[in-house]
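*Asks:* Pasting a structure here, questions to come.
The values are calculated or read from the model by the stated rules, or taken from the named source; none is laboratory data. As the structure is a prediction and not an experimental result, all values here were calculated from the model. All Cβ positions, even for glycine, are placed from backbone atoms using ideal geometry, and neighbour counts span all protein chains on display. These accessible areas exclude ligands, DNA and RNA; they are computed on the full protein's heavy atoms, side chains included. Shrake-Rupley method; radii C 1.70, N 1.55, O 1.52, S 1.80 Å.
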Number of protein chains: 2
Amino acid sequence: MEIRGVAMGVQGEARYRQVAADLREAITTGRYGSGGRLPAEGDLALRYGVSRGTVRQALAVLRADGMVTSRRGTRRVVLGAARTQSFAELLSFTRWARSIGEEPGGRTVTVEPAPGDPGECAQLGLEPGSSVYRVLRLRTLSRVPVMIERTVYPERIGALVRGFPIDAVSHTEPLEELGVLFTDADHTIDQWPADAEDARLLGCPPGTSLLRERRRTTDPTGVPVEWSQDRYLPGTVAFTVHNSVATTALSRRRG
Amino acid sequence: MEIRGVAMGVQGEARYRQVAADLREAITTGRYGSGGRLPAEGDLALRYGVSRGTVRQALAVLRADGMVTSRRGTRRVVLGAARTQSFAELLSFTRWARSIGEEPGGRTVTVEPAPGDPGECAQLGLEPGSSVYRVLRLRTLSRVPVMIERTVYPERIGALVRGFPIDAVSHTEPLEELGVLFTDADHTIDQWPADAEDARLLGCPPGTSLLRERRRTTDPTGVPVEWSQDRYLPGTVAFTVHNSVATTALSRRRG
DNA sequence: GTGCCGGAGTTGGCTGTACAACTTGGTCCA
DNA sequence: TGGACCAAGTTGTACAGCCAACTCCGGCAC
């Protein structure tokens, strides 16, 4: 802290994010205790040398992460350390694996250009029959297969992916370096039986129920950049979500 | 609209929520088109007769719902209609079922007071061995069994639930009427094989892989009010989440 | 003891202002 | 033709202030 008045640029990071990060750290290390009370917004403003509005912006971040509650009339209550990950860790199997201290692996099984089927084109916002690339990959943790990843890319992006080495661990990271932006994603989580291909690659009996995550990712202009279907072996992964009356990004659908 | 200057109370609803609701409706009915651009914040402020700050508050709601993107330097882009539900619809099977036009049903199988096991007490923030109530219910859609709900309540709340009729459709709603507040929830989604009890009640073979949602719900003071484990028959439900670089409530964990 | 009431403390909501950072499209020049 | 550059438009960040709504606790009356 103590960067007061430097008008950004020092860290390139907004003041409210610095405050949020500092508070997050304080909460994670238990400085306020679980179930404890946070100082009043005004006190925090004084302490950090910012306005109350900036403190409120910082607290809104922690609120969305489920680290604190808030209610009119009384001080904020600490709920506990956040269990949420960054957007990047959620998007990229590779980053996620690294963040939990595992060794991620990836082997590209097939990359095929093809006319997209109606469903794929709809998900990618393309005209029916447009060219797409279908990529099938086997993902491993510490060399053990855990997931099958079937991703469909629009032609523009698939052409880039095609050039990646077959044993490239990450596709997301090189794409980002090439200027492809991922900013929003919709996830659907359910279960699905393993087909013959899944069974062969994952080493499980056909028909085994797999945890399935389907994901559509868009760039900041709303243009879809990938449509992916990931199938995890049972017991290898779980998804967690926090929501509250203040913010809800989760919903339940008919299967 | 046109409530300008009435200092709340008229609808009891905050101005920014009214603006958000109006914009949501406009987007849902396609007034701006998918991929279209929203008017500038300043224009919206003029149109609704509020300050730009209030408009930004409204837009933050839509941002979190995944309906619009936002980026410095250019107007907001419409992503599409939201698929998210209210917090209440997510918490309550009954409300969810009604919101999708199905007929919810519930039958209480057992309600037993018992000393909580260490895991249960930890989840509920109680001393090990504290008294809890375990409630087992079978939930149906249009009279077809779809889910087994095992909920653990702290004694104070369990005592209330105990008094509910055995065929009560909802437990959440009467609890709310009795003043129990639900404000924050952590969800974990994975799969789990049906045990003998699941199999008998759901009418599936033992060992069938079920979609499992575990949920811990707290009140505004951070005190846990329920710890629930719901097991859904395959194909009856899917969970969807939206997240973005701006807000992430989702994470992936080792299973 | 019990319950009502009021006041201090705190967060929610809203306004207004100012500037920074960024996108976009067009102009101008080489 | 192509590229650099500029200007207008737009969102992000931050500040300051005001009042409403609500919680909580302690004092007071009964």
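*Asks:* Looking at segment A:133-230, what strands (runs of 3 or more DSSP E) fall wholly within it and have at least 3 residues that are over 30 Å from B:Thr208 (Cα atoms)?
*Replies:* Filter on segment A:133-230 gives A:144-154.
*Asks:* Starting from residues that are at pLDDT 90 or above, acidic (Asp, Glu) and open to solvent by 20 Å² or more (accessible area, probe 1.4 Å), keep the ones in segment B:152-186 and report whichever is nearest to the chain's Cα centre (by Cα).
*Replies:* My answer is B:Asp186.
*Asks:* Would you pick out the residues in segment A:80-98 that are outside any loop (DSSP other than H, G, I, E, B) and open to solvent by 60 Å² or more (accessible area, probe 1.4 Å)?
*Replies:* Once the filter is applied, which keeps residues that are outside any loop (DSSP other than H, G, I, E, B) and open to solvent by 60 Å² or more (accessible area, probe 1.4 Å), segment A:80-98 yields only A:Arg98.
*Asks:* Just one of the numbered conditions (1) surrounded by fewer than 14 Cβ atoms within 10 Å (Cβ to Cβ); (2) in contact with a strand residue (DSSP E or B) (Cβ under 9 Å, 6 or more places away or on another chain) is not true of B:Leu124; which one?
*Replies:* Failing condition for B:Leu124: (1).
*Asks:* What are the residues in segment A:226-235 that are more than 15 Å from A:Leu90 (Cβ to Cβ) and more than 7 Å from chain B (Cβ to nearest Cβ), if any?
*Replies:* Matches in segment A:226-235: A:Trp227, A:Gln229, A:Arg231, A:Leu233.
*Asks:* From the list A:Arg216, A:Arg253, exactly one residue is at the interface with another protein chain (Cβ under 7 Å from one of its Cβ atoms) and in contact (Cβ under 8 Å) with a residue 60 or more places away in the chain. Which is it?
*Replies:* The match here is A:Arg253.
*Asks:* Would you please name the residue that is most open to solvent (accessible area, probe 1.4 Å), looking only at residues in segment A:45-74 that are more than 11 Å from DNA strand D (Cβ to nearest atom) and either outside the structural domain of A:Ile27 (by TED's automatic domain parsing) or hydrophobic (A, V, I, L, M, F, W, C) (or both)?
*Replies:* Checking each candidate, the answer is A:Ala64.
*Asks:* Among the numbered conditions (1) of a type outside the set (A, V, I, L, M, F, W, C); (2) closer than 30 Å to A:Phe182 by Cα; (3) open to solvent by less than 50 Å² (accessible area, probe 1.4 Å); (4) in a helix (DSSP H, G or I), tell me where A:Arg17 comes up short.
*Replies:* Tallying (1) of a type outside the set (A, V, I, L, M, F, W, C); (2) closer than 30 Å to A:Phe182 by Cα; (3) open to solvent by less than 50 Å² (accessible area, probe 1.4 Å); (4) in a helix (DSSP H, G or I), A:Arg17 fails exactly one: (3).
*Asks:* Right, next: Run B:Thr140 past the list (1) on the phi < 0 side of the Ramachandran plot; (2) modelled with pLDDT under 95 and report the number of the one that doesn't hold.
*Replies:* So the condition that B:Thr140 fails would be (2).
*Asks:* Loosely packed, with under 15 Cβ neighbours inside 10 Å, more than 9 Å from every other protein chain (Cβ to nearest Cβ) and assigned to a loop (DSSP other than H, G, I, E, B): is that true of B:Gly101 in this structure?
*Replies:* Taking the combined requirement at face value, the residue satisfies it.
*Asks:* For A:Ala238, state whether it is surrounded by fewer than 22 Cβ atoms within 10 Å (Cβ to Cβ), part of a loop (DSSP other than H, G, I, E, B), at the interface with chain B (Cβ under 9 Å from one of its Cβ atoms) and of a type in the set (A, V, I, L, M).
*Replies:* It is false that A:Ala238 is surrounded by fewer than 22 Cβ atoms within 10 Å (Cβ to Cβ), part of a loop (DSSP other than H, G, I, E, B), at the interface with chain B (Cβ under 9 Å from one of its Cβ atoms) and of a type in the set (A, V, I, L, M).
*Asks:* Within the group A:Asp219, A:Asp195, A:Asp190, which residue is out of contact with any His (no Cβ under 7 Å at 6 or more places or on another chain), within 25 Å of B:Gln85 (Cα to Cα) and open to solvent by 20 Å² or more (accessible area, probe 1.4 Å)?
*Replies:* None of the other options fit; the residue is A:Asp219.
*Asks:* Oh, and also: When you check B:Trp227 against the structure, is it over 18 Å from A:Ser251 (Cα atoms) and buried (at least 23 other Cβ atoms within 10 Å of the Cβ), yes or no?
*Replies:* Yes; evaluated as a whole, the condition is true for this residue.
*Asks:* Please state which of the following conditions B:Val77 fails to meet, knowing it meets all the rest: (1) within 16 Å of DNA strand D (Cβ to nearest atom); (2) open to solvent by less than 30 Å² (accessible area, probe 1.4 Å); (3) more than 8 Å from every other protein chain (Cβ to nearest Cβ).
*Replies:* Condition not satisfied by B:Val77: (3).
*Asks:* Shifting gears a bit: Pick out the one residue from B:Ile189, B:Ile166 that is out of contact with any Cys (no Cβ under 7 Å at 6 or more places or on another chain) and more than 14 Å from chain A (Cβ to nearest Cβ).
*Replies:* B:Ile166
*Asks:* Are any of the residues in segment A:151-164 under 27 Å from A:Pro205 (Cβ atoms), assigned by TED's automatic domain parsing to the domain that holds A:Arg216 and out of contact with any helix residue (DSSP H, G or I) (no Cβ under 6 Å at 6 or more places or on another chain)?
*Replies:* yes
*Asks:* Check segment B:79-98 and report whether any residue there is within 19 Å of the chain's Cα centre (by Cα), at pLDDT 90 or above and of a type in the set (Gly, Ala, Ser).
*Replies:* yes
*Asks:* Taking segment B:29-40 on its own, how many of its residues are open to solvent by less than 30 Å² (accessible area, probe 1.4 Å) and near DNA strand D (Cβ under 9 Å from one of its atoms)?
*Replies:* Number of matching residues: 2.
*Asks:* Another question about this same structure. Among what's in segment B:51-77 and is within 14 Å of DNA strand C (Cβ to nearest atom) and touching a residue at least 40 places away in the same chain (Cβ under 8 Å), pick the residue that is farthest from A:Asn243 (Cα to Cα).
*Replies:* B:Val77
*Asks:* Also, I was wondering about something else. When you go through B:Leu211, B:Leu138, B:Leu160, B:Leu201 one by one, which is the residue that is of a type in the set (A, V, I, L, M), under 27 Å from A:Ala194 (Cα atoms) and away from chain A (no Cβ under 14 Å)?
*Replies:* None of the other options fit; the residue is B:Leu201.
*Asks:* In addition: Out of curiosity, is A:Val144 open to solvent by less than 10 Å² (accessible area, probe 1.4 Å) and free of Cβ contacts under 8 Å to residues at least 60 places away in the same chain?
*Replies:* For A:Val144, the condition - open to solvent by less than 10 Å² (accessible area, probe 1.4 Å) and free of Cβ contacts under 8 Å to residues at least 60 places away in the same chain - is not met.
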